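The values are calculated or read from the model by the stated rules, or taken from the named source; none is laboratory data. None of the values given here were measured: they were computed from a predicted structure. Every residue, glycine as well, gets a Cβ built from its backbone with ideal geometry; the counts of neighbours run over all protein chains shown.
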Amino acid sequence: MQNFLISFNVVFPIAVMMALGYLMKEIKLVNDVTVKEMNNVVFRIFLPLMVFKNVYESEIAEVFNPRLIIFASSVTVAVILLLFLIVPIFEKDNSKRGVLIQAIFRSNFVIFGIPVTEALCGVGATGTASVLIAVTIPLFNFAAVITLETFRGGKPDFKKVVKGIITNPLIIASLLGLIATGFGISFPSIIEKSMSSISSVTTPLALVMLGASINFNTVGANLSRLIWGLLARLVILPAVALGLGAYVFGFRGVELAILISLFASPSAVSSFTMAQQMGGDDELAGQLVMFGTVASILTVFMWILITVNLGLI
């Protein structure tokens, strides 16, 4: 019962904040334009500041975990390569192939990583998650462009990919945090308090806006694709990744909590936007994000409960 309560206490606040956002949209307090603009503000202002703060307040020796970074990156690359082999066997429509591959490997680690890690292991554990965010974001972006271009039949624009990576606000924030920590740079207490106050808004606002982005109106002929795409993203991938991480590589505690956030979270919201911009089936991409986000409330709870019951966290 205690382990159930631990898992419930992690997931319930996330569910409440997402439900609030959905309710706000339903009663017309916000509309699609507002949600899009606020998501942009969260991505460019609030999340980078929170990432910077988490890294800045941590010790480099503690937050930089090369073993975890190598494992997470290697599993992600291996998953992408396997999906390139498996998905085309079952899906014949190119515009849907790229979307399915991207939705399965590209998680919403940016939004879920820090709150899940903090809820399970405390505020001091979020620095490592922030550093891993800076590693996985360029990997996800690069792989998503290659995937969608490959199945569109085009030639990937590597200059555009590189530019997108080096100008990403979250990567810049993480690097600045590492520089500040590495060189012992400190800010006046009034600045640090201001950063803490603003950062405290980030997670609730991001989750509320995520809930406001959910739309259940369209499913159409994509039901079978949704079912196996969500099973792959939320059940099969975390089962394999967490099993390898825990029992082959011996990750425990904070490290495993971060891996849950990375591999068990739903598809990234940005995967819909990228599919829309690059000729993918944006309707399927949006459905995978929306239904995956809702289903993840249950599946993330399940993975937390399993790992806590097994004494891994």
Practice prompt. Output yes when any residue across region 269-277 is under 14 Å from Val99 (Cα atoms), of a type in the set (A, V, I, L, M) and assigned to a helix (DSSP H, G or I), and no when none is.
Written response: yes
Practice prompt. Restricting attention to helices (runs of 4 or more DSSP H) lying wholly within region 25-138, give those where 2 or more residues are touching a Leu at 6+ places or on another chain (Cβ under 9 Å) and at pLDDT 85 or above.
Written response: 32-41, 47-56, 66-90, 94-105
Worksheet item: Among all residue pairs at least 6 apart or on different chains, which show Cβ distances below 9 Å where the first residue, located in region 91-105, is of a type in the set (Lys, Arg) and the second is crowded, with 23+ Cβ neighbours inside 10 Å and in a helix (DSSP H, G or I)?
Response: Lys96/Phe151; Lys96/Leu284; Arg97/Thr147; Arg97/Phe151
Worksheet item: Do we find that Pro204 is crowded, with 22+ Cβ neighbours inside 10 Å, in contact (Cβ under 8 Å) with a residue 60 or more places away in the chain and part of a helix (DSSP H, G or I) in this structure?
Response: no
Worksheet item: Out of region 201-231, which residues are among the hydroxyl-bearing types (Ser, Thr, Tyr) and over 17 Å from Ala295 (Cβ atoms)?
Response: Thr202, Thr203
Worksheet item: Is there any pair with a first residue in region 149-168 that is on the phi < 0 side of the Ramachandran plot and at pLDDT 75 or above and a second that is basic (Lys, Arg) and exposed (fewer than 11 other Cβ atoms within 10 Å of the Cβ) whose Cβ atoms are under 7 Å apart and which are 6 or more apart or on different chains, and what are they?
Response: Glu149/Lys155
Worksheet item: Within the bounds of region 75-82, is there any residue that is aliphatic (A, V, I, L, M), touching a Ser or Thr at 6+ places or on another chain (Cβ under 7 Å), touching a residue at least 40 places away in the same chain (Cβ under 8 Å) and surrounded by fewer than 21 Cβ atoms within 10 Å (Cβ to Cβ)?
Response: no
